[in-house]
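These notes are about the structure you will find just below.
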Amino acid sequence: MHVGGVTAWVALFDMAGLAAGQRVLIQGGAGGVGSLAVQFAHWKGAHVIATTSRDNVAYAQSIGADEVVDYTGVKFEGVVHDVDAVIDTVGGEITARSWGTLKPGGIMVVVAGAPDAEAAATHGVRVANVRSPQVTTPVLDDLALLVASGQVVPHIGATFPLEEAAQAQAASETGHGRGRIVLHVSS
């Protein structure tokens with residue numbers, strides 16, 4: 001939860017400045033960072049829209065997504081408009097297709113890849129890239145309280161023994177997992 005939790009927290013609150021009542025689109029809402037971002041945004045009181053595959057629609061709803069777009073059957077840019085922030089955990093083509101979902105003055109926070117300031121200016125929005133804070137203790141303290149209270153539930157999608165680290169990495173690179181991938185190190 002450390003890296004994914006800090007990444008989601010920084011993207012939503014430090015970079016996007018997400019507040020209650022705002023609308024946020026979380027690309028990859030069932031993945032490791034995305035599933036935490038959905039829960040954090042829901043906890044904050046934002047209207048959460050998540051993209052995910054058909055297999056993860058119910059999961060994204062169960063963790064706090066107000067709307068879920070099944071990207072295997074619908075082009076999200078055709079149904080999502082006027083969001084205050086996009087948290088892009090996918091990158092590539094998804095980033096390029098996300099610009100039009102933002103309202104003027106909105107912000108796209110890119111987790112996977114580099115932000116495109118020129119494209120942002122063309123669309124009249126802002127862009128940022130997630131940078132991990134030098135001191136993560138305050139964020140981790142907040143995350144621990146949310147987990148302890150049950151308001152955020154980290155999801156372990158798969159566990160691999162350390163000797164299968166290559167398979168764990170391959171699973172991670174598919175971009176279609178649910179939650180976090182864990183390597184088990186025996187004592």
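The values are calculated or read from the model by the stated rules, or taken from the named source; none is laboratory data. Since this is a predicted model, take the numbers as computed values, not measurements. All Cβ positions, even for glycine, are placed from backbone atoms using ideal geometry, and neighbour counts span all protein chains on display. SASA here: full protein model, heavy atoms, side chains in, ligands and nucleic acids out. Shrake-Rupley method; radii C 1.70, N 1.55, O 1.52, S 1.80 Å.
Here are a few things to note about the model shown:
- The set of residues in region 80-108 that are in a strand (DSSP E or B) and in contact with an Asp or Glu (Cβ under 7 Å, 6 or more places away or on another chain) comprises 103, 106, 108.
- Evaluation of residue 84 against (1) charged (D, E, K, R); (2) in contact with a Ser or Thr (Cβ under 9 Å, 6 or more places away or on another chain); (3) crowded, with 16+ Cβ neighbours inside 10 Å (one fails), failing number: (2)
For (1) aromatic (Phe, Trp, Tyr); (2) without any contact (Cβ under 8 Å) to a residue 40 or more places away in the chain; (3) touching a helix residue (DSSP H, G or I) at 6+ places or on another chain (Cβ under 7 Å); (4) not in a loop (DSSP other than H, G, I, E, B), each residue gets a yes or a no:
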residue: 43; (1), (2), (3), (4): yes, no, yes, yes
residue: 50; (1), (2), (3), (4): no, yes, yes, yes
residue: 64; (1), (2), (3), (4): no, yes, yes, no
residue: 74; (1), (2), (3), (4): no, yes, no, no
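- Some residue of region 113-127 being within 20 Å of residue 17 (Cβ to Cβ), in a strand (DSSP E or B) and not basic (Lys, Arg): yes
- Taking the criterion of being out of contact with any His (no Cβ under 9 Å at 6 or more places or on another chain), open to solvent by less than 20 Å² (accessible area, probe 1.4 Å) and under 18 Å from residue 108 (Cβ atoms), the residues of region 29-47 that qualify are 29, 34, 37, 38, 40, 46.
- Filter result for residue 92 (buried (at least 24 other Cβ atoms within 10 Å of the Cβ), at pLDDT below 95 and under 16 Å from residue 109 (Cβ atoms)): no
Each row is one residue, and each column tells you yes or no for (1) modelled with pLDDT of 85 or more; (2) in contact with a Gly (Cβ under 8 Å, 6 or more places away or on another chain); (3) closer than 20 Å to residue 26 by Cβ; (4) in a strand (DSSP E or B).
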site	(1), (2), (3), (4)
139	no, yes, yes, no
146	no, no, yes, no
153	no, no, yes, no
158	no, yes, no, yes
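- Output for region 52-62, where each listed residue is part of a helix (DSSP H, G or I) and either among the polar types (S, T, N, Q) or in contact with a Phe, Trp or Tyr (Cβ under 7 Å, 6 or more places away or on another chain) (or both): 56, 61, 62
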